[in-house]
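Step one of this worksheet: look at the structure below.
The values are calculated or read from the model by the stated rules, or taken from the named source; none is laboratory data. For clarity, every value in this text was computed on a predicted model and none was experimentally measured. Every residue, glycine among them, receives a Cβ derived from its backbone with ideal geometry; neighbour counts consider all protein chains shown.
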Amino acid sequence: MIPVEQPALVETFDEDPAPAVSASPARQLWRTVRHSPSASIGAGLLLVLILVAILAPVIAPFGPNTQAGAPFTPPSARHLLGLDDGGYDVLSLLMYGLRVSLLVGFAATLISSLVGTVVGIVAGYFGGFVDGLFMRVTDYFLVIPLLPFMIVVADVWGANLLHIIVVIGALSWTMTAVVIRAQARTIRERTFVRRAQAMGAGHTRIIARHLLPQVMPLVVANTVLNISYAIFTETALAFLGLGDPTQISLGTMIEHAFLRADISEGAWWAVIPPGALVAIIVIACSLLGRAIEDSLNPRLRTAHLSARVFRVRPTRPRNPGRTG
Amino acid sequence: MALLEITELMKYHQRPRGLVQTLLRQPAEAVHAVDDVSFTVDKGEMLALVGESGCGKTTTAQTILRLLDPGAGTIRFRDEDITTFSQRRLRSLRRQMQIVYQDPYESLDPRLRVGQSIEEPLQIHGIGQSARERRALVTQVLARVDLTPPGLYIDRYPHELSGGQRQRVAIAAALAVQPQLLIADEPVSMLDVSVRAGIMNLLRGLCRSDGMGILMITHDLAIAGHFADRIAVMYLGRVVEIGDAREVLRNPKHPYTQALCDVAPRHRRTGRSAGLRILGGEPADAASIPSGCRFRTRCPKAEDRCSAEDPQLRQMPGRPAGHQAACLLADQW
Amino acid sequence: MAHLLEVTDLNVWFTSPGRPDVHAVRGASLALNSQERVGLVGESGCGKSTTILAMMGLLPSSAVVSGQVLLDEKDILANGDQSMRPHRWRDLAMVFQGAMNAFNPVRRVSMQIADAIAVRRGLARRDARQRAHELLEMVGIPRGRMDGYPHEFSGGMRQRAAIALALACEPRVLLADEPTTALDVMVQAQIMELLQRLCHEQGLALILVSHDLPLVAQVCERINVMYAGEVVEQGSVDQLYDQPRHPYTRLLLAATPDLDSEEELASIPGTPPRLDRPVVGCPFRPRCDQAFDRCRHEPPLLKPVGQGQAAACHLNDHPAPPAAPDSGQDTKVEASGRTDGTA
């Protein structure tokens, strides 16, 4: 049999630059966000919020320490969200508070994601004794209750932003560790990892080159969800009076609203906006995080074979000569 | 001196105990995955290890590569006893023993380009002084596996290639370090029929041209017959017949081999239904192997003494040297 | 003569947003007579599974179908799911690929079959159970094992149970999609023997889909060979083996290992065409060793080439080897002419 000449093989490759499934994780993430309405909304919201927080000193109509008028002034054209119990412009406070909340959220998440990912990968990859050891440590941290711990820290070392960040980070890395460990264990069994081992690759190479890239998308999804958790936790701590007294965060705004008679004065504009903003952040993070998670699991996306209503196109007039 | 020599290899698994069993302190069942296996692979030769699932062929391969630790027996590679080498010592040896897996869709890292996948073993074993030199080697080996022009493939991702092409990439990665022994675990069973011969010819060519020894694991007797030099048939952890490929398939002496030959694909159907020996039942549980000859429960020719004596591999009288079978009654047919 | 089941000009497109449609089945036609066993053979991506799923109306909602599926000369595809539903499982039953893994792990096998029977045929629980036991016995599962859980069944036994499930409503046609792919050769042979026996005893017609040509040849009387979404050759097993009239069939046979033969195994270079683009001319042309000019522009039609044999190849129109080889940068033409020996 005469072998087919080269051109035939070239024909089977398509020359257009974008392959059906992009291998680069960043590309994949971008695609997910673009195509999923919930992810786009979530990402969009987060982007806007981050921008507002960064630009707060520039775009806030009033400074955080500027008394702009009488306390409990209702919203007007000049003060879109009115003035709070101290006569400060609520809208400006919201922007500054957003800064602090986001700062704490991102910083705490950085710690928890980093520690959690490392622990998860090491435990999942090595298994055996190492896995047991790390998981017992994880269990230990898992049961430390947040509130009493924070109270103790506040009491002994004082409550400032740094301490809050460390506490939240130190108690939430466990969630990440457990999730990443499960994923690492699965990836470890995949053929290409076994093959790398058979080739003689060392642990470092396998983890860095093969394991980590496969785990990254999950890390990203998990991080986004952690951010919402961290911000929410900070808000809760601040609300309970364990926040940094020198900083305004969304949580302290709510705390003040409760403690300083805003409610009995009927000043809803000082009570609702900070809480609503926290809710928006959490929703945005959840939308984005879940969409990323879903895109990682192909089984969730593809509908299984079930007797669905399929479309029947009416039989077109037969092409001349097309025989049956 | 044989390239690879396995003697009386044993590998048992512990079957995990259920909760009740653990509480009652019942001993875990031992699964006799590899139960006294011996064979050799020479340079420039392809030995096919044939058997159904659960017969222990994949476990044997993994044990040879020391990805699993053998329970007993010896593994000699290039006349060196590597049975008890530490993983560290084995690292450098791994260059000489490479493996190609069954699933071309899973054996390549989907995030690495073809060139990177092939370059990896070079990097691991320190071959090639510079990135450019390594790329040149990668190009060379791509040409050897008939992925030409190499430039067309080297920067592709695995998902852009067909199954046959991916398998060639996997073979290229194994070849890049110029191993002396290649273990191919069902290299074509997941590929379309039309591309199987291409891959198998490639492998056989490597035996001839490079003097590489290939241990091919397969359940497909016909492929083994077409391409391998020798065949070893395994059943429940034991080699039951071994010898020259053509010889064993023309004159199978062990009833299991005979049954496998009967159900293997043949183009001529005439007279197939008559006397077709389709074995009933399925292979016995590897945790409870029958006494005496382990095949006797399914053997159409078993006699009383088959339950008393465990047959060993022995030269078949009247057949060419090297054709051995583990059957007490083989002299009769 | 009226066929029991006839598929005419079946087309299936898979749509997805933002991507071109994939034309998975491009005008497939086949026929099945009562109690006949027919094979549908092809490699991955040729559309064979999609074809029988279309026949059962089990395609996902992203699929668009056109063509006719005539059961007793009545088009059951005409109104989509509505017209298919009454026939599903009653006249046409299917054993899916991987059916043996589709059992509910926490329910006894006999119960699962009984459930399906009770729902489908409206029988009382006890009668359904009895019928389930009868079916399981018919497929060769020992009495004592019938009430076990799926994990207590071996792979072969689960496949038998899947076949029993398909036979629950006494269908007339059994569609089997790669029923033995994940099984050992010995078990494979057992299942094939079972299918043959069942067809004989129950008067079933069978369409067996597989990539394994010799396996299909063992069980079936006629074979349809599919490539790139269409049927490229049909005929009896002997006709196909002795006188293939399509180069793909011939090459496929040459690539299939045979325990008896000493000949070199062939392989077919190249890959099948992408089906998300229109295919120009003959879909097999890039890989064909006998292609010529006409093949480039004109798609060949499935035409009869003998008693009960049909092929879709331009070579069958030419009694002699074509004079002018293809002048493109394409495959070279074998001057030796056709290998089938027909005048």
Has the stretch C:13-32 got any residue that is within 14 Å of chain B (Cβ to nearest Cβ) and of a type outside the set (A, V, I, L, M)? no
For A:Phe192, indicate whether it is in a helix (DSSP H, G or I) and within 13 Å of chain B (Cβ to nearest Cβ). yes
Tell me the residue from A:Ile227, A:Ile280 that is of a type outside the set (Lys, Arg), surrounded by fewer than 19 Cβ atoms within 10 Å (Cβ to Cβ) and within 27 Å of A:Ala39 (Cβ to Cβ), please. A:Ile280
Being surrounded by fewer than 18 Cβ atoms within 10 Å (Cβ to Cβ) and basic (Lys, Arg) is the filter here, so list the residues in the stretch B:38-72 that pass it. B:Lys43
Any idea which of (1) within 14 Å of chain A (Cβ to nearest Cβ); (2) on the phi > 0 side of the Ramachandran plot is the one C:Gly47 doesn't satisfy? (1)
The lone condition C:Leu253 fails out of (1) modelled with pLDDT under 85; (2) within 11 Å of chain B (Cβ to nearest Cβ) is (1)
Go through the stretch C:196-221 residue by residue and tally those that are more than 8 Å from chain B (Cβ to nearest Cβ), farther than 16 Å from C:Ser34 by Cβ, hydrophobic (A, V, I, L, M, F, W, C) and out of contact with any helix residue (DSSP H, G or I) (no Cβ under 6 Å at 6 or more places or on another chain). 1
State all residues of the stretch A:221-260 that are touching a Phe, Trp or Tyr at 6+ places or on another chain (Cβ under 7 Å) and in contact (Cβ under 8 Å) with a residue 40 or more places away in the chain; if no residue qualifies, say none. A:Ile227, A:Ile248, A:Gly251
Can you say whether A:Arg299 is farther than 21 Å from A:Leu171 by Cα, part of a helix (DSSP H, G or I), out of contact with any Gly (no Cβ under 6 Å at 6 or more places or on another chain) and at pLDDT below 70, as far as the supplied structure shows? yes
What is the residue count in the stretch A:37-75 for residues that are part of a loop (DSSP other than H, G, I, E, B) and either within 16 Å of A:Val100 (Cβ to Cβ) or within 28 Å of the chain's Cα centre (by Cα) (or both)? 4
Answer residue from the stretch B:148-164, given it is in a helix (DSSP H, G or I) and touching a residue at least 40 places away in the same chain (Cβ under 8 Å) and is nearest to the other protein chains (Cβ to nearest Cβ) among those: B:His159
Anything in the stretch B:61-113 that is within 15 Å of the chain's Cα centre (by Cα), under 21 Å from B:Val239 (Cβ atoms) and aromatic (Phe, Trp, Tyr)? List them, or say none. none
Go through the residues of the stretch A:163-186 one by one and say whether even a single one is part of a helix (DSSP H, G or I), within 14 Å of another protein chain (Cβ to nearest Cβ), of a type outside the set (Gly, Ala, Ser) and surrounded by fewer than 21 Cβ atoms within 10 Å (Cβ to Cβ). yes
So which residues in the stretch C:223-257 are charged (D, E, K, R) and buried (at least 24 other Cβ atoms within 10 Å of the Cβ), if there are any at all? C:Glu230, C:Glu233, C:Arg245
Options B:Arg250, B:Arg204, B:Arg196: the member that is among the basic types (Lys, Arg), within 9 Å of chain C (Cβ to nearest Cβ) and either free of Cβ contacts under 8 Å to residues at least 12 places away in the same chain or on the phi < 0 side of the Ramachandran plot (or both): B:Arg196
Selected residue (only one of B:Leu279, B:Leu249, B:Leu260, B:Leu328 is touching a Leu at 6+ places or on another chain (Cβ under 6 Å) and either at pLDDT 90 or above or surrounded by 18 or more Cβ atoms within 10 Å (Cβ to Cβ) (or both)): B:Leu260
Which one of C:Asp238, C:Asp276 is without any contact (Cβ under 8 Å) to a residue 24 or more places away in the chain, charged (D, E, K, R) and either more than 10 Å from every other protein chain (Cβ to nearest Cβ) or farther than 18 Å from B:Asp192 by Cβ (or both)? C:Asp238
Criterion violated by C:Ser66 - all others in (1) modelled with pLDDT of 90 or more; (2) under 15 Å from A:Arg313 (Cα atoms); (3) touching a Leu at 6+ places or on another chain (Cβ under 7 Å); (4) within 12 Å of chain A (Cβ to nearest Cβ) satisfied: (3)
If you check every pair at least six apart or on different chains, which have Cβ atoms under 6 Å apart with a residue in the stretch C:115-143 that is at negative phi first and a residue that is crowded, with 17+ Cβ neighbours inside 10 Å and basic (Lys, Arg) second? C:Ile117/C:Arg131; C:Val139/C:Arg160; C:Ile141/C:Arg160
Tally time: how many residues in the stretch B:94-139 are away from every other protein chain (no Cβ under 12 Å) and either of a type in the set (Phe, Trp, Tyr) or touching a helix residue (DSSP H, G or I) at 6+ places or on another chain (Cβ under 8 Å) (or both)? 7
Against the condition in a helix (DSSP H, G or I), surrounded by fewer than 18 Cβ atoms within 10 Å (Cβ to Cβ), within 7 Å of another protein chain (Cβ to nearest Cβ) and acidic (Asp, Glu), how does C:Glu193 come out, does it pass? yes
Regarding the stretch B:70-83, can at least one residue be identified that is of a type outside the set (A, V, I, L, M), within 11 Å of chain A (Cβ to nearest Cβ) and not in a loop (DSSP other than H, G, I, E, B)? no
Within the group C:Ala54, C:Ala93, which residue is at pLDDT 90 or above and part of a helix (DSSP H, G or I)? C:Ala54
Looking at (1) modelled with pLDDT of 90 or more; (2) more than 29 Å from C:Ala311 (Cβ to Cβ); (3) not in a helix (DSSP H, G or I), find the lone condition where C:Leu183 falls short. (1)
Kindly evaluate C:Ser34 against the criterion of being part of a loop (DSSP other than H, G, I, E, B), among the hydroxyl-bearing types (Ser, Thr, Tyr) and under 28 Å from B:Val193 (Cα atoms). no
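To keep it simple, each residue is scored yes or no on (1) among the small types (Gly, Ala, Ser); (2) more than 14 Å from every other protein chain (Cβ to nearest Cβ); (3) under 25 Å from C:Ser49 (Cα atoms); (4) in a loop (DSSP other than H, G, I, E, B).
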residue: C:Phe103; (1), (2), (3), (4): no, yes, yes, yes
residue: C:Ile113; (1), (2), (3), (4): no, yes, yes, no
residue: C:Ile117; (1), (2), (3), (4): no, yes, no, no
residue: C:Asp127; (1), (2), (3), (4): no, yes, no, no
Which numbered condition B:Ser117 misses (of (1) in contact (Cβ under 8 Å) with a residue 12 or more places away in the chain; (2) surrounded by fewer than 16 Cβ atoms within 10 Å (Cβ to Cβ); (3) small (Gly, Ala, Ser)): (2)
Could you please let me know if A:Ala154 is away from every other protein chain (no Cβ under 14 Å) and either within 20 Å of A:Leu110 (Cα to Cα) or outside any helix (DSSP H, G or I) (or both)? no
